[in-house]
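The values are calculated or read from the model by the stated rules, or taken from the named source; none is laboratory data. Only a predicted model underlies this, so the values are computations on that prediction, with no experimental measurement involved. FYI the Cβ positions are ideal-geometry reconstructions off the backbone, even for glycines, and counts take in every protein chain you see. All accessible areas refer to the heavy atoms of the entire protein, side chains included, with ligands and DNA or RNA removed. Shrake-Rupley method; radii C 1.70, N 1.55, O 1.52, S 1.80 Å.
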Amino acid sequence: MAKDNHITLFDLQFESGCTTSPYVWRTRYALAHKGFEVDLVPGGFVGILERTGGRSDRLPVIVDDDRWVLDSTVIAEYLDAEYPDRPMLFPYPAYKPALRFIDTWLWNTVIEAYFENYIADYYELSLAADKPYVRETREKFVGGRRLEDVQAGREDRLPLMPRRLEPLRKLLTETRWIGGEKPDFADYSALAIFLWLASIATTPPLTDDDPLRDWLERGFDLFGGLGRHPAMHNLFGLQLREGDPEPFERGALAQEITPTNQGPGAPVAPRA
């Protein structure tokens with residue numbers, strides 16, 4: 001059991017000390033949800049294997065007393081299994097496949113869409129010791145192109161990205177949190193993607209009036225402002241130019257995703 005209510009978490013950080021990994025972010029939120037104090041072990045990409053005593057070359061990793069647990073989803077499952085008397089991260093077993101879908105959609109929609117727009121900034125923000133590794137591995141990701149060349153021209157691409165988030169916006173018009181009345185691991189997994197984005201977004205990716213702002217601000221404020229590291233960048237402030245597409249559906253956001261069936265003879269309201 002956690003000694004003195006403390007659990008150790010190995011972090012993946014930028015030079016500023018800001019967490020960058022979305023998987024570490026959601027583990028930080030999971031531990032806070034369970035009410036634990038976290039002993040954060042700082043570090044970057046280089047030396048993970050040495051820091052974890054040869055147990056893992058990827059993060060997150062936690063140590064609960066003398067028990068080492070790897071992988072963010074496994075960690076969340078472990079916390080629920082070992083500490084069922086504390087608030088649950090997974091409200092019911094069938095929740096996990098749905099969470100896998102959310103993870104896949106968010107990865108494809110946010111990380112793959114936005115990474116190339118900030119890939120050179122990601123390199124510049126990295127720890128000095130990590131920069132050779134980051135450049136080598138990320139240039140492999142993008143087919144051997146220079147990071148600076150990949151990022152160039154993002155002012156033309158960024159206005160096209162917010163519309164991809166429309167399913168999430170519509171969901172959050174009908175529920176306060178993805179998890180319902182209270183946040184759970186689905187919210188932390190989704191928030192973690194945007195926390196990752198805020199760690200690298202030197203140019204805002206979302207407009208000031210984006211309807212996601214309410215959920216994101218509330219999420220970043222959870223647990224005493226866990227997501228409010230001073231080195232985080234502002235997600236809001238994207239300036240649109242003439243001819244750029246609307247970043248989200250305007251005028252229809254208050255409608256239900258699927259209208260409720262009210263029986264025969266119910267009035268049919270036109271959809272905007």
How much of the accessible area of region 1-126, probe 1.4 Å, is carbon plus sulfur, in whole percent?
-> 53
Count neighbours as other Cβ atoms within 10 Å of each site's Cβ, and list the GluC sites (Glu not before Pro) in region 87-190 that are DSSP loop with at most 10 such neighbours.
-> Glu181
The correct ranking of His33, His229 by accessible area at 1.4 Å, largest first, is His229, His33
Within straight-line cross-link reach of Lys131, aspartates and glutamates at Cα separation under 19 Å, skipping those fewer than 8 residues along the same chain | Asp11, Glu15, Glu50, Asp57, Glu116, Asp121, Glu139, Glu148, Asp149
How much area per residue is accessible in the chain when the probe is 1.4 Å and only protein heavy atoms are counted (Å²)?
-> 50
Of all DSSP beta bridges with both partners in the chain, the antiparallel percent, nearest 5, is 55
Give me the distance in nm between label points sitting 7 Å out from Cα along the Cα-to-Cβ direction at Gln239 and Phe223, one decimal.
-> 3.6
Have a look at Asp121, Asp80, Asp149 and tell me which one the Gaussian network model of the chain (Cα, springs below 10 Å) gives the largest fluctuation.
-> Asp149
Counting helices only, and only those DSSP H runs with n ≥ 4, report the 222 nm mean residue ellipticity of the chain as the sum of -39,500 (n - 2.57) divided by its residues, in deg cm²/dmol to the nearest 500.
-> -10500 deg cm²/dmol
To the nearest 0.05, how large is the calculated FRET efficiency for Ala94 and Met1 if R₀ is 41 Å and r is the Cβ-Cβ distance?
-> 0.90
